[in-house]
Amino acid sequence: MSQHKAEQQADADGPTPVPAPTPQANLDLEDQERPLAATVERPVVVAPDQVDQASEMAARGEMSGALTALRNILSREPGNSRARAVLASLLERRGDVEGALLELGRALESNPDDVTILCARATVLASRARYDQAEVDLRRAAKANDRNAEVQVQLGMLFSKRARWREAIEPLLAAVAADPARADSQYYLGEAYNHIDDLPAALAAYEAASALEPRHIRALKGIGIVLDRLGRPAEAAVAYRRARESQNK
């Protein structure tokens, strides 16, 4: 058939039918036309932390329930050191000091250089005058992280409790360097300097503590004591009055 006759036959038959779009084609077309703003991401829902839930139960006075919840967590996750630390804290609050130390010891079995757990155990030990054991833990913590302010201030406090005032100064200075905003580091530094009779340094440290925490009663009393020792009774009286006012608020 010639090209001319083929064209005549096509005209007689009518226009060539266009195939209907497939469902997939329709979807593709919708995707192209859909504005970007219409794409909405669903928020990720995070389940509440079970350790935090147990802590909240304890805060509400549901101590037995909190202890049970924490023990259930540890039965599934024996290496959960945070759960053990919270459990130990609750046990200590109930007067079960040995139980608290047992849990902290178990936490350290899986991670012997966990600074938080070492500090927690040292605190419990020091509260029971087991200073030698507390010092071992704090020195291990300092070896793991010597720039941790909590480690250094606890070490300084421990030396202060044992009247090792000169030894207390170095870790307390390290604590101040690690976190200048901690009033307790400055206060205990003032105590150490006062006990070795470095009165200007003691006054500066006490004043730094009270500047960070204006109602720090012990720091204000420390200022008064040092000013008295420096022969400045009028200024000492002002510091004592501020301490009394803070105590009455």
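The values are calculated or read from the model by the stated rules, or taken from the named source; none is laboratory data. As the structure is a prediction and not an experimental result, all values here were calculated from the model. Virtual Cβ from ideal backbone geometry, glycine too; neighbours counted across all protein chains shown.
Structural remarks
- The stretch 177-193: number of residues that are among the hydrophobic types (A, V, I, L, M, F, W, C) and surrounded by 22 or more Cβ atoms within 10 Å (Cβ to Cβ): 2
- Some residue of the stretch 133-146 being crowded, with 16+ Cβ neighbours inside 10 Å, over 20 Å from the mean Cα position of the chain (by Cα), within 15 Å of LEU189 (Cα to Cα) and not aliphatic (A, V, I, L, M): no
- Scanning the stretch 78-109 for residues that are over 17 Å from SER55 (Cα atoms) and acidic (Asp, Glu) gives ASP96, GLU98, GLU109.
- Hits in the stretch 112-132 - residues which are in a helix (DSSP H, G or I), charged (D, E, K, R) and within 17 Å of the chain's Cα centre (by Cα): ARG121
- Search result, residues across the stretch 198-227 that are within 29 Å of the chain's Cα centre (by Cα) and charged (D, E, K, R): GLU207, GLU213, ARG215, ARG218
- Scanning the stretch 156-195 for residues that are in a loop (DSSP other than H, G, I, E, B), over 25 Å from the mean Cα position of the chain (by Cα) and under 16 Å from HIS216 (Cβ atoms) yields nothing.
- Checked against the criterion of being charged (D, E, K, R), more than 20 Å from the chain's Cα centre (by Cα), assigned to a helix (DSSP H, G or I) and surrounded by fewer than 21 Cβ atoms within 10 Å (Cβ to Cβ), the stretch 80-88 contains not a single residue that satisfies it.
- Which numbered condition GLY231 fails, given (1) within 25 Å of TYR131 (Cα to Cα); (2) out of contact with any Phe, Trp or Tyr (no Cβ under 8 Å at 6 or more places or on another chain); (3) free of Cβ contacts under 8 Å to residues at least 12 places away in the same chain: (1)
- Any pair with Cβ under 7 angstrom, 6 or more apart, that starts in the stretch 140-169 at a residue that is farther than 18 Å from ARG130 by Cα and ends at one that is in a loop (DSSP other than H, G, I, E, B) and not acidic (Asp, Glu): ALA149/ARG182; TRP165/ILE196; ARG166/ILE196
- ASP28 meets all of the listed conditions (1) modelled with pLDDT under 50; (2) outside any helix (DSSP H, G or I); (3) not hydrophobic (A, V, I, L, M, F, W, C) but one, namely (2).
- Residue list for the stretch 209-235, filter: surrounded by fewer than 18 Cβ atoms within 10 Å (Cβ to Cβ), in a helix (DSSP H, G or I) and either of a type in the set (A, V, I, L, M, F, W, C) or at pLDDT below 95 (or both): ALA211, LEU212, ILE217, ALA234
- Odd one out for TYR206, checked against (1) farther than 23 Å from LEU108 by Cβ; (2) crowded, with 18+ Cβ neighbours inside 10 Å; (3) touching a residue at least 24 places away in the same chain (Cβ under 8 Å): (3)
- Failed item, numbered, when LEU102 is tested on (1) touching a Leu at 6+ places or on another chain (Cβ under 6 Å); (2) of a type in the set (A, V, I, L, M); (3) surrounded by fewer than 16 Cβ atoms within 10 Å (Cβ to Cβ): (1)
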